[in-house]
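All remarks here apply to the structure that follows.
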Amino acid sequence: MYPLAVAKNLSALLLLFAALLCAPVGLSVSQNNMSALVAYATSALITTILAVVLGFISRNAKPRIHRKDALITVAMMWLMMGVLGGLPFVIEGSISDPAAALFEAVSGFTTTGATVVSDVDGLSDPTNLWRCLMHWIGGMGIVVLFVAVFPQIGVSAKQLFKNEAAGPIVDGFKPRIKETAFSLWIVYTILTVLCAVSFFAAGMNSYDAVCHAMSTLGTGGFSTRGASTGFYQSPLIDWITCFFMFVAALNFGLFYDVARGRWRSLFQDKETRFYLMINLLVVMVVMWCILPLHNDNGIESLRYALFQTLAVTTTTGFMTEDFDKYPDIARYILFMCMFMGGCAGSTAGGLKAIRILAILKLIFRELALVIQPRQVIPVRIGQSTFPPKVLHAILTFSVAFFFLWAFASAILVAMGMDFISAMSATIACLASIGPGLNKVGPTQNFMIVPAAGKVLLSFCMIAGRLEIFALFAVFHPQCWRKG
Amino acid sequence: MKTVIIGASEVAVILAKMLSSNMHDVTIIHNEDRDLRHLYELDLQIIEGDATHRALLKQAAVSQATLVASVSHNASYNLVSSALASELGAQISIAVVEDPGFFSTSAAVEYDVLGVEAVLNTARLAGQEIMKRIRKIDLDFVVNLVGASIQVLLVPIRRLNKVPSQAPSELSLPHGTFVPAVLRDGDLIAAQEVHSLDIDDQLMVVGTPALISSALHKLGVPSSRGRVMIVGGSSAGAQLARRLSREGRRVQLIEASERRAVELAEDLESVTILNADGSNLALLEELEVQDVEYMITATSDDELNLTTALMSKQLGTMHAFALMNRAGYGAIYERLGVNGVVSRDDTLSKNIMTIADVDRSDENETIKGSHHVLEIWRAPSNMKENFSLNALNLPPQAILLGIVRRAQALQPGQTEAIRPRDSLVFAVPQSQIKALRRVLSKFSN
């Protein structure tokens, strides 16, 4: 490990982070909001000082980093983002408890959207902007942004990128990593602008439209309103949100293909098809379950079922209705969907549809092998065959995901939370969904979780966002040993 | 006529024997550690050395050669030596390349690559041959012509699901396949002259072999959905598996090497791949081989192929075919009960002979049920200019069935001008062959 190289990269990343903090600073100035100005300007200043100090220490270091350094850089950056991102909340006083502020910031950057704030409407505009901006940046990843905008990092880019991009494979993108990162951000930005314009046209004010668009495309879930999207009671806004939530949960590589005129790849992609099929199935079941709640009005039930389902399966976590009040079968199915999440290469969290598909195929293969053990059956998804190494990684990741979920839930139960709240809170954080069930349900918030629990859940959120191994590898002694 | 054979493979020996018995002046150039002295009795010249050395090629007088065939086991060597021979003035150069990855299409022969007249793939040629044999089980008349680039077969209307209502020339068939003639009461009639079809007629279908099965499907020939088992995942085995599974059959392929089995499983999506020893009796019984319609053995081991084919036949498989490397054992095993034994070396050398226009005895087949025979004429490579089909004054009852241009089958109406190296396939009454040859000789030079 080369600590100076890590410091050098962290310094650049922190400068980028400080630049992002300028957005709420600007809004505070234009709104003459002194307390917000002090909070965000101070945080930006502290971040800059930290960056300068790190930069000074590592002034002679080569920026080139290796695998271990990349792992440490990405993990450290995500931990620092939680601390520094939560700082303005504490200074401003909107969330005075440091553990809660950390939780809120991590929830923002990991696009979880779980909040500890009971009165969202009471938050200042700069704070709400910051919450949604965190989603937007975290969705595609600050490191990916860093790779895209900083020209000098060259070879280190690949190491860094690998650790933050979500899913087992990023399809569609093959050429150089820097171009990939850049096009990802371009596609992401265009989609966000489209979403914001649509919201505005549908009747939101410009501030809400921008914040909601950032939150939607990042599949985050923070809203500027306490009642989330439900505040507007507008079918049009619901449909638009549904559309963009779904788009954000698809593989961004496919949009890149579409932009280059290859429309077909979007419809031919096996993961997309599988994901669409699961969603249709779940929407139908949920819709059927909630028909009585909506006076047997099919269109209304569809609207609410679709919204709540997509909010969960895309790991966004908006709401227009309290799904915790749905019949148990609908609640259970939505709970199960939390594990899957979106597609690989999207901003959504969870195990990812392609992993579930691969595991299903593995199960069928195992079945066929019981009958005819000599058969050779490759696990094929679309045109490509998964090599045994990738399948092994998929299985290991999935098992680790479940273990982490079970373990973290157990600790929360030990801290005095009930079964359902603890289990749903953990998966809601691990898969970056946001709201869970029962005491952490859609209309509740995470304030009831004890401080230590909040730190644990923050850890789960980062683990889920960095796909577990990229984070846990940092705790492996070999990562810090020489050679 | 002078022929130069490059390489000392089994095929080189077969070719040398066939050609020298055809009164050819044969020269073999080889640098392999193989004793070819027994060939001296054939009165041929043997030069030891590297055929990529131009001085050596000049010494062998390739500039006067009608045919240079590079048939060693090394593909690059074959390509380079035959390309050099072309450059030095050899009339026809042929190279054998076994790696299917070299080919840009799925055809067994590709023309005009790197200055080489024809590049051949043995496995594919052998595969085509087996496919032909399989088709021959259902149809009386099936032949592959011009390096298996074109297939001619007769389909009795009686076998179709229903009699087509349109005239045969208006039948819609996949591109690259067509119906140029109809056999009626022992007479072959050009399709344009037939206005409606009768239940006793037979359609003559002509086209690229790979497309024939979809043409038959389109015509309404009921296709068998019987199970196919292939033992051995060699290049030929894999190609057969692909072709047969495309016809909608259930294909199982048994391959002994685990690595190759994995490769095949990734490559052949709709084929069931088993990693096992296909010659194992217990396995064949477990796989219920008695219900298999076609068993094809295509491993690299000749003995294994023959015994497995015989064994499965004994167990009740309907038809068994064996693919062999060596030539000459076919007849014995066919008498023992194997339905077809195809030798790679044999198929390759026969195809080299027909492509080079040295010996077409194999292709001058009588069309079953008629007094017509097939006749192939190849436009010379040094033809002065393209000539029009209209200039061809065919004798009565002679029919132009199709044209082969660079391994593609063309319908006579599709092209007007005949180019150098095009092959024209005719059906002609026995009595008119001489008249046809006279007509064609005008264009020969």
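Points to keep in mind about this one:
- Qualifying residue in the stretch A:295-305 (condition: of a type in the set (Ser, Thr, Tyr), more than 14 Å from chain B (Cβ to nearest Cβ) and part of a loop (DSSP other than H, G, I, E, B)): no
- The stretch B:11-31: number of residues that are assigned to a helix (DSSP H, G or I), surrounded by fewer than 21 Cβ atoms within 10 Å (Cβ to Cβ) and without any contact (Cβ under 8 Å) to a residue 60 or more places away in the chain: 3
- Filter result (within 28 Å of the chain's Cα centre (by Cα) and within 9 Å of chain B (Cβ to nearest Cβ)) within the stretch A:368-383: A:ARG380
- Members of the stretch B:375-424 found to be of a type in the set (D, E, K, R) and part of a strand (DSSP E or B), listed by number: B:GLU375, B:ARG378, B:ARG405
- The single residue among A:ALA99, A:ALA148 that is at pLDDT below 90 and in contact with a helix residue (DSSP H, G or I) (Cβ under 6 Å, 6 or more places away or on another chain) turns out to be A:ALA148.
- Subset of the stretch B:281-293 that is free of Cβ contacts under 8 Å to residues at least 12 places away in the same chain and more than 10 Å from every other protein chain (Cβ to nearest Cβ) - its residue that is surrounded by the fewest Cβ atoms within 10 Å (Cβ to Cβ): B:ALA282
- Look at (1) modelled with pLDDT of 90 or more; (2) in a loop (DSSP other than H, G, I, E, B); (3) over 22 Å from A:GLY341 (Cα atoms); (4) not small (Gly, Ala, Ser) and you find that A:VAL370 fails only one, number (2).
- Flag for B:ASN325 being in contact with an Asp or Glu (Cβ under 9 Å, 6 or more places away or on another chain), within 14 Å of another protein chain (Cβ to nearest Cβ) and not aliphatic (A, V, I, L, M): no
- Residue among B:VAL205, B:VAL182 that alone is within 22 Å of B:ALA107 (Cβ to Cβ) and among the β-branched types (Val, Ile, Thr): B:VAL205
- Residue match in the stretch B:301-315 (condition: within 14 Å of chain A (Cβ to nearest Cβ), over 20 Å from B:ILE137 (Cα atoms) and part of a helix (DSSP H, G or I)): no
- Filter result (within 20 Å of B:ALA320 (Cα to Cα) and among the hydrophobic types (A, V, I, L, M, F, W, C)) within the stretch B:100-140: B:ALA123, B:LEU125, B:ALA126, B:ILE130, B:MET131, B:ILE134, B:ILE137, B:LEU139
- Filter result for B:ASP357 (closer than 30 Å to B:LEU67 by Cα, touching a residue at least 12 places away in the same chain (Cβ under 8 Å) and surrounded by fewer than 21 Cβ atoms within 10 Å (Cβ to Cβ)): yes
- Meets criteria (among the basic types (Lys, Arg) and closer than 28 Å to A:TYR275 by Cβ) for A:LYS389: yes
- Condition met for B:SER257 (hydroxyl-bearing (Ser, Thr, Tyr), crowded, with 20+ Cβ neighbours inside 10 Å, more than 10 Å from chain A (Cβ to nearest Cβ) and more than 25 Å from the chain's Cα centre (by Cα)): no
- Filtered by the rule that a residue be crowded, with 16+ Cβ neighbours inside 10 Å and over 25 Å from A:ASN445 (Cα atoms), the stretch A:201-216 gives a lone residue, A:ALA202.
- Candidates in the stretch A:394-410 are the residues that are under 15 Å from A:LYS361 (Cβ atoms) and either surrounded by 15 or more Cβ atoms within 10 Å (Cβ to Cβ) or not assigned by TED's automatic domain parsing to the domain that holds A:SER458 (or both); of these, the one that is modelled with the lowest pLDDT is A:ILE394.
- Of everything in the stretch B:211-239 that is among the aliphatic types (A, V, I, L, M) and surrounded by fewer than 21 Cβ atoms within 10 Å (Cβ to Cβ), the residue that is nearest to B:GLU266 (Cα to Cα) is B:LEU211.
- Taking the criterion of being at pLDDT below 85, among the acidic types (Asp, Glu) and not in a loop (DSSP other than H, G, I, E, B), the residues of the stretch B:117-176 that qualify are B:ASP138, B:GLU170.
- Out of B:GLY330, B:GLY340, sole residue that is modelled with pLDDT under 80 and under 22 Å from the mean Cα position of the chain (by Cα): B:GLY330
- Only one of B:SER214, B:SER224 that is in a helix (DSSP H, G or I), in contact (Cβ under 8 Å) with a residue 40 or more places away in the chain and at negative phi: B:SER214
- In the set A:VAL455, A:VAL440, only one residue is in contact (Cβ under 8 Å) with a residue 24 or more places away in the chain, within 18 Å of A:ALA105 (Cα to Cα), surrounded by fewer than 23 Cβ atoms within 10 Å (Cβ to Cβ) and among the β-branched types (Val, Ile, Thr); that residue is A:VAL455.
- In the stretch A:384-415, the residue that is farthest from the other protein chains (Cβ to nearest Cβ) out of those that are of a type in the set (A, V, I, L, M, F, W, C) and part of a loop (DSSP other than H, G, I, E, B) is A:MET415.
- B:ASP198 being closer than 26 Å to B:PRO429 by Cα, in contact with a Leu (Cβ under 8 Å, 6 or more places away or on another chain) and surrounded by fewer than 16 Cβ atoms within 10 Å (Cβ to Cβ): no
- Inside the stretch A:217-236, residues that are in a helix (DSSP H, G or I) and surrounded by fewer than 22 Cβ atoms within 10 Å (Cβ to Cβ) make up a count of 5.
- B:LEU283 being under 24 Å from B:ASP345 (Cα atoms) and assigned to a helix (DSSP H, G or I): no
- Long-range neighbours under 8 Å by Cβ, at least six apart or interchain, first residue of a type in the set (S, T, N, Q) within the stretch A:358-383, second not in a loop (DSSP other than H, G, I, E, B): A:GLN372/B:LEU274; A:GLN375/A:ALA368; A:GLN375/A:LEU369; A:GLN375/B:THR272; A:GLN375/B:ILE273; A:GLN375/B:LEU274; A:GLN375/B:ASN275
- Criterion applied to B:VAL143, B:VAL97 was being within 29 Å of B:ALA320 (Cβ to Cβ) and within 21 Å of the chain's Cα centre (by Cα), and the one residue passing it is B:VAL143.
- Considering the conditions (1) crowded, with 18+ Cβ neighbours inside 10 Å; (2) over 30 Å from B:GLY115 (Cβ atoms), B:ILE332 is excluded by exactly one of them, (1).
- All of B:LEU274, B:LEU264 fail the test of being in a strand (DSSP E or B), within 14 Å of another protein chain (Cβ to nearest Cβ) and without any contact (Cβ under 8 Å) to a residue 40 or more places away in the chain, apart from B:LEU274.
The values are calculated or read from the model by the stated rules, or taken from the named source; none is laboratory data. Not measured: the values here are computed from a predicted model. For neighbour counting, all protein chains shown are included, and Cβ atoms are generated from backbone atoms with ideal geometry for every residue, glycine included.
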